[in-house]
Amino acid sequence: MATAAVTQERENYLNAEYGIKSWLLTVDHKRIALLYLMSITFFFFVGGFFALLIRLELLTPAGDLVSADTYNKLFTMHGQVMIFFFLIPSIPAVLGNFLVPLMIGAKDLAFPRINLLSWYLYVIAGVLYSHCILTGGVDTGWTFYTPFSTAFSNTKVIEAGLAIFVAGFSSILTGLNFVVTIHRMRAPGMTWSRLPLFIWAHYATSIIMLLGTPVLAITLVLVVLERAFHLGIFDPALGGDPLLFQHLFWFYSHPAVYIMILPSMGVVTEVIPCFSRKRIFGYKFVAMSSIMIAVFGFLVWAHHMFVAGISLYSALVFSLLSYLVAVPSAIKVFNWTATMYKGSITFSTPMLYAFGFIGLFTMGGLTGLFLSALGVDVHVHDTYFVIAHFHYIMVGGAVMGYMAGMHYWWPKISGRMYPEGWGRLAALIVFLGFNLTFFPQFILGYLGMPRRYWQYPPQYQVLHVLSTAGSTILAVGYVLPMMYFLWSMRYGKIAPDNPWGASGLEWMTTSPPPTFNFEETPVVTWEAYDYANIPAPEEAPIER
Amino acid sequence: MSASSDSPVAVETHDLALRHHFATKEQQREAASLGMWLFLSTEIMFFGGMFCAYLIYRRLYFTEFAAGSRSLNVTLGAINTAVLICSSLTVALGVRAAQMGKRKLLVVLMLLTLVFGLAFLGIKGVEWTAKFKEHHVPGASFHFEQTELDGKSIDPQHIQLYFSLYFAMTGMHALHMIIGVGMFVYLTYHSWKGRYTPDYYTPVENGGLYWHFVDIVWIYLFPLLYLIDLKK
Amino acid sequence: MFDNFPLWPTQASTGAANVDALYVFLVVLSGFMCVSIFSLILIFAIKYRRRAGVAAEQIEGSTHLEITWSIIPLFIFLFIFSWGAFIYFQERTPPRGAAEVYVVAKQWMWKVQHEEGQREINELHVPVGRDIKLIMTSQDAIHSFFVPAFRIKQDVLPGRYTTLWFRANKPGSYQLFCAQYCGTSHSAMIGQIVVMEPRDYEAWLGGGPVVPLAVSGQKLFSEMGCVTCHRSDAQGRGPNLVGVFGKPVALEDGRTVTADENYIRQCILNSRGQVVKGFPAIMPVFQGLLSEEQVNSLVAYVKSLATPQPGGQQAGQTVKTASAATQPEAKVQ
């Protein structure tokens, strides 16, 4: 096609400048997004590798693949890598960085150099943590509970703590950039009620990043100081209180799970209207639900501590509040479903991932009701039930949302189409592999199989074997997109500006966009999700 | 709510007051200001964790906290408080000087702020050295001689907790002061170079905001750490 | 691998059925919600799939629907909360007269001290049908006492006591796990709760000469010199401990606290900051000098002083075993 040759030669952010310096010293939010994409993908596979080793060890009841100490390091580092180096940055740092300015009609984020700094902080943290892995690792569990982490562990707790501390600042700066950008850099006519819900989701996420992460930072500082100087803030042998650590830790780490899920919800809220050709049902309620999740999310942290030794009355309060925070999530699920009603639905890869998200997030979220119920939590706390619950939300939810987003915006980011057949196949493999891996773990948990166990009684083996089988299938499902995304960068079909016929300012510029995003600053005079006026792809002429 | 765009096309300029991705100078100024305020809110949460630990342990072990507090040098602490308040005054006057384009005055005020900041750090160093000599630094060589206060017994572990928090909080504060001093070295240098004009003085303003914040943290730290139980 | 393949844990305590009832309700509710939502999505996906010439209908929303599907879940959630809270309240309120067993957790084993004096490692023998209250502490890191068959769990902390209670209602042997990661052999810190018929339990108790816990405590009380200050008349340099357990105590700094297990334990280890009003702060610090088990025996002894003796015997000289609650006939000392 003649247009293909034209689009290939057109200047965009990818070909504007060449050379490694132009990437490592870029201040273009889109290039920074790709820098993040490479680094978080690296850590995803590191964390995934640890997971595979864990699942292999758990094939048999006896501890026969690795030593107990090694196993303890594996689950610790799997958790820390996946949470701090993959999930927390993932959507915000890749899709958020790329899309927030585009979606609001801006030329860049408010602070481009701080954006680059946040990536370098992430890299420094990553190097530090990698060094920790390679020189012995850490075995405290991702939660660093005291006094084990401060007085009993013989591993590199300080190094791991400092690495995560630095990664936290990367997160804080990203959140800061987003909030200022969304407040101050919207294009003319882009009022708050015309913002894509992806932006609302990232706004809520950024508030949590800003207010929650510093508390983790100071908590890690105190742990490091205590371990280095035997201070006693958290160690009862020295007059301190281990529960103080847990309160401070969970004060961040609970809102952190909303950092991990809200952006995914934002992605799904973009994908479903597009592939239903319909505006989102209940825009205001979906926007408000993101804010409510962020606010209420700060009030429930001690539901991780129901059997930790807190008072009965504390527990009652936190259980009640935990049920309140479930309501806005339910609202979102109902709104997504209602959006499909009387729509015109196609089953593209992003839409398949979005379906998977709704299904698995619903299951994970419902099991949250189990955990918030005090009487049940006493039994299932610290068992595989909890592991299944959070993997349903973080992998079945957040990662599927991430995959949906990567496929949805891939044409915009790379200027190429990924192969749709392979995309759908991978989505199906991921969905099946995921359920086989984690559903048995609910049963395991209620049976009483505790977390963080290297060896276990033989009656649990069948369920573990099923779970490990599932994990190998899941692994295939994740490797496939890696391969075909890379393939597509060279051999993929050239993407038009708006292959999906989607609404949103990002689709009104070229694929890939030019360095400054828009030829002319857009002036917005239409509402969000204006699908009444956007033709579906087959009906639209190929642009330019 | 958003600033309206005067010129839709990207303005190619190396004007510090209007970077390429902003539409107007006002937008850039407001963005920078909002950014600094948000950053300060993260700092509040950061110090907040330590204040939370402090409040809990003070409530539990008041006697030890009172005894530890009495062992601090209130005079030096008060002088430091005055030093920081004066430095905030010079910072505020400095912002005004920048607004009015008075370069020389701005440089003097930036230098004065630096001097005050360094004085604070020096006095803090004196205090810490004294604590070190008295064996009040937590760790292997910690020893607090006093065993009771006003008839109430002092638990040696709990008094070490007080000092752990004392050093953690004043240490973190001092670290922020050092960063602030570095920032003001930068600002002094560039003020001298004439970089800040009535059109563009955002770094002075935002550096000033940071400095005021560090000052306010000290204004909380001083009574909480030094003035717990001042009866003689 | 397929020999023993359970999908549901045994119910072996009176509380287990309550927990299971709520769990089953939640499973049914979740199943219903999942089926509903998945069906709707499936139906919509098929019914409203893209067809040529059929456009989507732009629907802005419906405030009525939003409120309905916020309020109804909220009420269901509040119902679940109440049910769960009720169970939890029962779980955390040990019945009066429960037999008490002291548990000390350490890396990586469970040490059990019965009041009758028996000691066990990684095993706990109890009679069926009896309320058992565990008073637990850790020597090092945080552990967690977890018996899936009883549906109970409680973190075991260093530096204080936490408690757990149950009434086993089915004889048998049930898995005990440590459920809070505590280091290298966390997954080896497992054991058995052995629930026996009362007669078998008596037989087990009777095996071998044992000294009741409170009697060991009394002996230690004397050996460590506690008795020199804590006399049972008003002339001791330390407070009289007779009848003190469970009662409010006025402290030197003005607070009033209840003399529970944690208070007694803390006073023994280091009384600074908790000295009773009117007494000098001269009690030696025993932290590091006594093992957790020794502290448990002293606590058991002080608790035994709560009940005055019949026949006018002076407390401090004779100890009535607090294990009277566990056995149908009181053993006479």
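Miscellaneous remarks
- For the range A:27-533, the spread of Cα positions along each principal axis, largest first, Å: 66, 45, 45
- Applied to the range A:194-211, the Karplus parametrisation 6.51 cos²θ - 1.76 cosθ + 1.60 on θ = phi - 60° returns per-residue 3J(HN,Hα) values of 10, 5, x, 5, 4, 6, 4, 4, 6, 5, 4, 4, 5, 4, 5, 4, 5, 8 Hz, with x for Gly and Pro.
- C:E60/A:E520 FRET efficiency (R0 45 Å; Cβ-Cβ; nearest 0.05): 0.90
- Remark: spin-label model distance C:R119-B:L230 equals 5.6 nm, labels positioned 7 Å along the Cα→Cβ axis.
- For the protein assembly as shown, with +1 on Lys and Arg beta carbons and -1 on Asp and Glu, the positive-most of C:V302, C:L157, C:I193 along the dipole: C:L157
- Separation in nanometres of the label points that stand 7 Å from Cα toward Cβ, at A:I291 and C:V211: 6.9
- Estimated dipole of the range A:27-533 in Debye, rounded to 20 [Cβ of Lys and Arg +1, of Asp and Glu -1, Cα centre]: 1020
- Column: log10 I(q)/I(0), Debye, Cα scatterers of the range A:429-544, q = 0.11, 0.16, 0.18, 0.19 Å⁻¹: -0.66, -0.85, -0.96, -1.02
- Counting neighbouring beta carbons within 10 Å and listing from fewest to most, the residues B:D155, B:D15 come out as B:D15, B:D155.
- Tail fraction, Cα-Cα pairs, the range A:213-258, threshold 17 Å, whole percent: 31
- Counting neighbouring beta carbons within 10 Å and listing from fewest to most, the residues A:T174, B:T129, A:T383, A:T70 come out as B:T129, A:T70, A:T383, A:T174.
- Stokes-Einstein D (µm²/s) once Rh is taken as the Kirkwood radius of the range A:10-59 over alpha-carbon pairs, at 4 °C in 1.567 mPa s: 99
- Residue order for A:S264, A:S467, B:S191, fewest other beta carbons within 10 angstrom first, comes to A:S467, B:S191, A:S264.
- Nearest-0.05 FRET efficiency for B:I56 and C:R167, computed from C-beta distance (R0 35 Å): 0.45
- Inter-site label distance for B:I123 and C:I71 at 7 Å from Cα along Cβ, in nm: 6.2
- Taking amide hydrogens as placed 1.01 Å from N in the peptide plane, the amide H of C:E116 sits under 5 Å from those of C:L213, each at least 5 positions away in sequence or on another chain.
- Think of the protein assembly as shown as having a plus end and a minus end, set by charges on the Cβ of Lys, Arg, Asp and Glu; of B:W211, C:L213, B:F144, B:W211 sits farthest toward the positive end of this dipole.
- Value in Å of the Kirkwood radius, where the range A:185-249 supplies the Cα pairs that are averaged: 14.7
- Estimated Rh, the range A:100-213: Kirkwood, alpha-carbon pairs, angstrom: 15.9
- Kirkwood analysis of chain C, using all unique Cα-Cα pairs, places the hydrodynamic radius at 23.6 Å.
- Taking all Cα pairs closer than 8 Å and separated by 6 or more residues, the relative contact order of chain A comes to 18 percent.
- Ellipsoid equivalent to the range C:19-131 - semi-axes via the Cα gyration tensor, in Å: 55, 18, 12
- With only the Cα atoms considered, the range C:104-209 has a convex hull volume of 91 Å³ per residue.
- Across chain B, Cα pairs under 8 Å and at least six residues apart give a relative contact order of 30 percent.
- Legend: translational diffusion of the protein assembly as shown by Stokes-Einstein, Rh = Kirkwood radius over C-alpha pairs, 37 °C, 0.692 mPa s; D = 102 µm²/s.
- Cα-based equivalent ellipsoid, the range B:40-226: semi-axes from gyration tensor eigenvalues, Å: 38, 15, 12
- Across the range A:441-447, coupling constants 3J(HN,Hα) worked out from phi with the 6.51/-1.76/1.60 Karplus curve, θ = phi - 60°, read 6, 5, 5, 3, x, 5, 5 Hz, and Gly and Pro carry x.
- Residues within the reach of a label modelled at A:V127 (point 7 angstrom out along Cα to beta-carbon, backbone nitrogen below 19 Å), restricted to the range A:84-115, are A:85-86, A:114-115.
- As computed over the range C:39-88, the Cα convex hull volume per residue (Å³): 93
- R0 of 25 Å, Cβ-Cβ distance B:M100-B:I216: FRET efficiency to nearest 0.05: 0.45
- Between helix A:29-57 and chain A: long-axis angle, C-alpha atoms, 0 to 90°, nearest 10: 40
- Annotation: amide H of B:S153 within the under-5 Å range of C:G273, sequence separation 5 or more or interchain, hydrogens built in the peptide plane.
- Listed residues A:T383, A:I124, A:A16: farthest to the positive end of the dipole of chain A (Cβ charges): A:A16
- Taking the Kirkwood radius as Rh and the Cα radius of gyration as Rg, the range C:65-138 has a ratio of Rg/Rh equal to 1.29.
- If the convex hull is drawn through the Cα atoms of the range A:69-153, its volume per residue in Å³: 104
- Magnitude of the charge dipole for the range B:40-226, about its Cα centre and with charges confined to Cβ atoms of Lys, Arg (+1) and Asp, Glu (-1), is about 720 debye.
- Calculated P(r) of the range B:193-232 - Cα pairs past 16 Å, %: 56
- Three semi-axes describe the equivalent ellipsoid of the range B:17-121; taken as square roots of 5 times the Cα gyration tensor eigenvalues and ordered largest first, they are 37, 23, 8 Å.
Laboratory data are not the source of any read-out in this text; all were calculated from the coordinates shown. A quick note: this is a predicted structure, and the numbers were derived from the prediction, not measured. Counting neighbours? That spans all protein chains shown, and the Cβs are built from the backbone with ideal geometry, glycine included.
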